[in-house]
Amino acid sequence: MPPMLSRRHLLRAAPLLACPGLSRADPAFDPEADPTFGRQIVFDEFFTAIDPAIWHAGRKATTFDGGYYGRSAFAPIEGAEGVVPYAIVDDPEAENGHALRLSAYHIGRPMTMPDYYGNEDPEFQWVSGNLQTARSDGTILRGWRRGYFETRMRMPLHPLTWSAFWMMNGNSILTPRTSIEIDVIEHKGFEPHLYGAYLHEWGQPGEHHEGAGVPVEPDLSRGYHRYGVLLTRNRCQVYFDRRPIRAPFTGKPLVWVINRSVEMDMDNDTFWPLLTLALLSDVSYPDPLRDQDREAHLHIDYFRVFA
């Protein structure tokens, strides 16, 4: 977590984008089933370009704080401090032969990022990428209430990287008294066989948290994998390669209840996604920082919504 008690997770927004097909009843809920069964793709982003009508780059959409967290400053789409952390690159392992690359770059000198707390701190003089379908003025460029949300990604191997695919509720941007955050994956770059998944309902009344470590056999830095979450009316279930993550002692699929679902329905609220390459601030800084660790790259093949 960043200094000054900034919560990476706290956001909220106003106008919503209704999506055809997502207001109907959910298919029969089976926690063991393929989450795409009975659903069809209603949004398919395979990143031939970064469309500003869909994706906003830079600081996280929030009015709670400055929109930064961790040890790096999130750059706007045109880049900052002489680097551009957003690119579409050729990638034969991606479905369409190209992928979105989010990068983190070590600047290593005083920076001039607006409102960034780390400009003068040598350990925080990094710039990295964050894409989201919302803006801090409350605009929701794309938002959905329910469905199955999936991205296919290849993680970096690095001592500081903090890669994430996460969802926030729209009302959390402008009125951040409470918020709902779903971390489909939070990955630390030094743990190639482990990641975390979390549900956070921030703020009172009724603050509520769930979470799980997800050990996996493949090295997440050596290939692409699918990370998904199924959101029904009041349930949240997270998947790795379309298989449910499981409770460590019972082996049963983990299904978390979203207690504020009624509030979301009453407010006509939606969820919106973020794709982020951040740097951890709660681990020791490398000493020395190796040349090969002065930059890192998160590859994203696609983001899809099934309804």
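Some notes on this structure:
- Label-reachable residues, the range 170-199, where backbone N falls under 20 Å from a point 7 Å from LEU157's Cα toward its Cβ: 186-196
- Only the Cβ atoms of Lys and Arg (+1) and of Asp and Glu (-1) were treated as charged; on that basis the dipole of the chain about its Cα centre amounts to roughly 620 debye.
- Among THR178, THR62, THR250, residue whose mean-square fluctuation peaks in a GNM of the chain (springs only between Cα atoms under 10 Å): THR250
- Most simply put, the chain has about 95% antiparallel DSSP beta bridges, counting only bridges with both residues inside it.
- Listed residues PHE74, PHE190, PHE29, most fluctuating in the chain (Gaussian network, C-alpha, under 10 Å): PHE29
- Most mobile listed residue (THR48, THR161, THR232) in the chain, GNM with C-alpha springs under 10 Å: THR48
- Rounded to the nearest 0.05, the FRET efficiency derived from the C-beta distance between ARG243 and ASN96 at R0 = 25 Å is 0.55.
- Exposure of ARG152 as accessible area (Å², to 10), given a probe of 1.4 Å and all protein chains: 50
- Net charge over other residues, Cβ less than 15 angstrom from the Cβ of MET113 (K, R count +1; D, E count -1): -3
- A straight chain from ARG235 to ARG135 at 0.36 nm per residue would run longer than the Cα-Cα distance by 33.4 nm.
- Around LEU298: net Lys/Arg minus Asp/Glu count, Cβ-Cβ under 9 Å: +2
- Simple label model, 7 Å out from Cα along Cβ direction - MET266 to GLU32, nm: 3.8
- The value of relative contact order for the chain, using C-alpha pairs under 8 Å at least six residues apart, is 27 percent.
- The chain, helix-only ellipticity at 222 nm - DSSP H runs n ≥ 4, -39,500 (n - 2.57), divided by all residues, nearest 500: -500 deg cm²/dmol
- Contour minus Cα-Cα distance for LYS252 and ASP121 (0.36 nm per residue): 42.6 nm
The values are calculated or read from the model by the stated rules, or taken from the named source; none is laboratory data. Here the structure is a predicted model, which is why all the values come from computation and not from measurement. Neighbour counts run over all protein chains shown; Cβ positions are idealised from the backbone, glycine included. We work out accessible area using only protein heavy atoms, side chains counted, and drop any ligands, DNA or RNA first. Shrake-Rupley method; radii C 1.70, N 1.55, O 1.52, S 1.80 Å.
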